[in-house]
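This report concerns only the one structure given below.
The values are calculated or read from the model by the stated rules, or taken from the named source; none is laboratory data. Since the model is a prediction, treat every value here as computed from it, not as a measurement. Quick reminder, even Gly has a Cβ in these numbers, built from the backbone with ideal geometry, and neighbours come from all protein chains shown. These accessible areas exclude ligands, DNA and RNA; they are computed on the full protein's heavy atoms, side chains included. Shrake-Rupley method; radii C 1.70, N 1.55, O 1.52, S 1.80 Å.
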Amino acid sequence: MKHHVGEHKAKKGLIRIEFDERDGRAEHVRITGDFFMHPEEAVHELEQKLEGHGIDELESLMDEFFAMRMDIEMPYVNIEDFKIALKNALKE
Amino acid sequence: MRFIPLIVARPEVQMAIDEAIMRARIEGKVPDTVRLYTFSPSSVTIGRFQSVVHDVNLDEARKLGIPVVRRVTGGGSVFHDEYGEVTYSVVVGEDYHPMLRNVESSYRYLAGPLVDALKELGLEAGFSGLNDIVANGKKISGSAQTRRKGVILQHGTFMYSTRVEVLGRVLRVSKAKLADKGVSSIWERVTTLEREGINLSRWEAYELLKESFFSAFEPEEGGLTDYELELAERLVEEKYGNPEWNESR
């Protein structure tokens with residue numbers, strides 16, 4: 001098992017993505033940082049969306065999540081910022 | 001609008017009161033509200049999504065007897081010095097003013113009285129980025145907000161004599177964030193009224209902010225309702241006083 005942590009500083013706030021990689025899958029996915037997202041529950045929902053999936057699927061799952069959630073507001077942060085944090089985690 | 005005079009209390013109580021006011025306002029049971037408060041003992045609040053492991057030095061906080069409570073709002077970790085910082089919070093319907101519709105302009109509208117107060121003291125003050133206020137180029141105040149069902153809760157700091165050395169010990173600020181701000185330590189980024197050569201007592205800082213909020217919003221002084229107090233009590237027990245919430249990330 002390998003623990004991945006990746007950070008990225010968006011225009012407003014730091015985004016940190018961490019998870020354990022087991023047999024090519026992401027477990028215990030955690031998205032933390034000092035960014036803003038309304039409704040706040042969406043962060044947990046995004047974690048759940050990624051949980052248990054193959055690490056090569058995570059980026060497209062993120063795209064899918066945000067494409068479906070038109071209600072989410074993220075001041076000074078965009079989807080690319082989450083994807084960069086993910087890429088940084090996968091580089092580890 | 002209602003103004004609630006200074007409440008000095010533990011962090012879990014302050015956070016519970018803010019959420020209780022917001023919930024009661026959503027239910028139409030109370031008017032728009034502004035209040036000022038201080039934390040006792042000195043406390044750390046962390047943003048809704050922050051990691052207690054990565055973003056706070058828990059060992060230092062424990063050693064110094066500083067409790068750590070998670071806010072309902074996003075944003076970063078804050079050190080609330082008992083005799084160095086006054087916190088404001090505003091709970092207001094989005095339809096109170098056109099500037100509240102947009103997130104960026106709403107920060108400026110609701111924290112505007114803090115900038116007015118700093119200018120009154122003769123400091124060069126203004127907004128920086130989304131939610132910070134700077135005095136003479138350094139951060140002296142930060143705000144955070146959440147929105148639910150057309151109601152905004154915004155709360156934020158006003159550092160008059162915060163011990164920046166304690167702040168630096170208990171908060172962990174990532175290198176990426178410091179680099180982004182063009183500084184190598186939190187010392188270079190943060191200031192207080194005291195550091196700018198203005199010495200105010202807690203009471204003077206409170207009175208200054210109170211006057212500024214009264215000029216901006218013309219509220220009427222009032223108290224918390226029994227409904228809000230009961231709700232706050234429940235929120236302390238179930239949420240803000242509970243490690244399940246505070247250590248959830």
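Just the protein heavy atoms count here, and of the accessible area of the protein assembly as shown at 1.4 Å, carbon and sulfur take up 48 percent. For the stretch B:59-144, the solvent-accessible area with a 1.4 angstrom probe is 36 square angstrom per residue. Approximating the spin labels as points 7 Å out from Cα along Cα→Cβ, the A:K87-to-A:E27 distance works out to 2.9 nm. Using the Cβ-Cβ distance between B:E94 and A:Q48 with R0 set to 25 Å, the FRET efficiency works out to roughly 0.30.
Cross-link reach is defined here as a Cα-Cα straight distance under 16 Å, omitting same-chain residues fewer than 8 places apart; for A:K2 the aspartates and glutamates meeting it are A:E18, A:D20, A:E21, A:D23, A:E27, A:E51, A:D56, A:E92.
Looking at the stretch B:2-247 alone, DSSP beta bridges between its own residues are antiparallel in about 75 percent of cases.
Solvent-accessible surface, computed for protein heavy atoms with a probe of 1.4 Å, shrinks by 50 Å² or more for the following residues of the stretch A:1-34 when the other protein chains are added to the isolated chain: A:K9, A:K12, A:R16, A:D34.
Given an 8 Å cut-off on Cα distances and at least 6 residues of separation, report the relative contact order of the stretch B:89-175 as a percent. Don't skip to the end; give the middle numbers.
Values: 106 pairs, mean separation 23.4, N = 87.
RCO, the stretch B:89-175: 27 percent.
Look at the alpha carbon pairs under 8 Å that are at least 6 residues apart: their mean separation over the length of the stretch B:1-142 gives a relative contact order of 21 percent. Assuming charge only on the beta carbon of Lys and Arg (+1) and of Asp and Glu (-1), the dipole of chain A about its Cα centre is about 360 debye to the nearest 20.
Measuring between their Cα centroids, the stretch A:62-92 and the stretch B:207-249 lie 32 Å from each other. Distance between the 7 Å Cα→Cβ label points at A:E41 and A:E59: 3.1 nm. Once the Cα-Cα distance is subtracted from the 0.36 nm per residue extended length, the B:N199 to B:F214 segment shows a gain of 3.1 nm. Applying the Karplus relation 6.51 cos²θ - 1.76 cosθ + 1.60 with θ = phi - 60° to the stretch B:155-171 yields 3J(HN,Hα) values of 10, x, 9, 9, 8, 9, 8, 4, 7, 5, 5, 6, 3, x, 7, 8, 9 Hz, where x marks Gly and Pro. What shape does the stretch B:19-121 take by its C-alpha gyration tensor, where a ≥ b ≥ c are the square roots of the eigenvalues and a/c under 1.5 counts as rounded, a/b above b/c as prolate, and the rest as oblate? In terms of gyration-tensor shape, prolate. Take each residue of peptide B:48-56, count the partner chain Cβ atoms within 10 Å of its Cβ, and average: the result is 6.
For the protein assembly as shown, with only Lys/Arg (+1) and Asp/Glu (-1) charged at the beta-carbon, what is the dipole magnitude about the Cα centre, in debye rounded to 20?
Charge dipole, the protein assembly as shown, about its Cα centre: 700 debye, nearest 20.
In this structure, B:T225 and B:E188 have a Cβ-Cβ separation that, at R0 = 35 Å, corresponds to a calculated FRET efficiency of about 0.20. Near B:G150, once Lys and Arg are set to +1 and Asp and Glu to -1 for all other residues with Cβ below 10 Å from its Cβ, the sum equals +2.
Taking a ≥ b ≥ c as the square roots of the Cα gyration tensor eigenvalues, the stretch B:1-43 comes out oblate, since a/c reaches at least 1.5 and a/b does not exceed b/c.
For the stretch B:97-249, the mean projected area of the C-alpha convex hull, equal to one quarter of the hull surface, is 11.4 nm². Accessible surface buried by the A/B pair amounts to about 2100 Å², both sides summed, 1.4 Å probe. Label zone of A:H3 (point 7 Å out along Cα→Cβ, amide N under 19 Å): in the stretch B:33-77 this covers B:50-60. Measuring between alpha carbons in the structure, the pairs from A:K9/A:K49; A:K11/B:K63; B:K63/B:K239; B:K138/B:K239 lying more than 28 angstrom apart are A:K11/B:K63; B:K138/B:K239. Panel values: the protein assembly as shown, Kirkwood radius from alpha carbon pairs, Stokes-Einstein at 25 °C and 0.890 mPa s, translational diffusion coefficient 119 µm²/s. Label zone of B:L64 (point 7 Å out along Cα→Cβ, amide N under 15 Å): in the stretch B:12-54 this covers B:39-46.
Interface burial in the stretch B:80-128 reaches 50 Å² or more for B:V103, comparing the full protein assembly with the chain by itself; accessible area from heavy atoms with a 1.4 Å probe. If the chain linking B:E247 and B:S40 were pulled fully straight, counting 0.36 nm for each residue of separation and taking away their Cα-Cα distance, it would gain 72.5 nm.
Let me have the relative contact order for chain B, percent, based on Cα pairs under 8 Å that are six or more residues apart.
It comes to 27 percent, rounded to a whole number.
Once both labels are positioned 7 Å from their Cα atoms along Cα-to-Cβ, the gap between B:V8 and B:S174 label points is 3.7 nm.
Give me the net charge for the shell around B:S248: Cβ to Cβ below 11 angstrom, other residues only, Lys and Arg +1, Asp and Glu -1. In short, +3.
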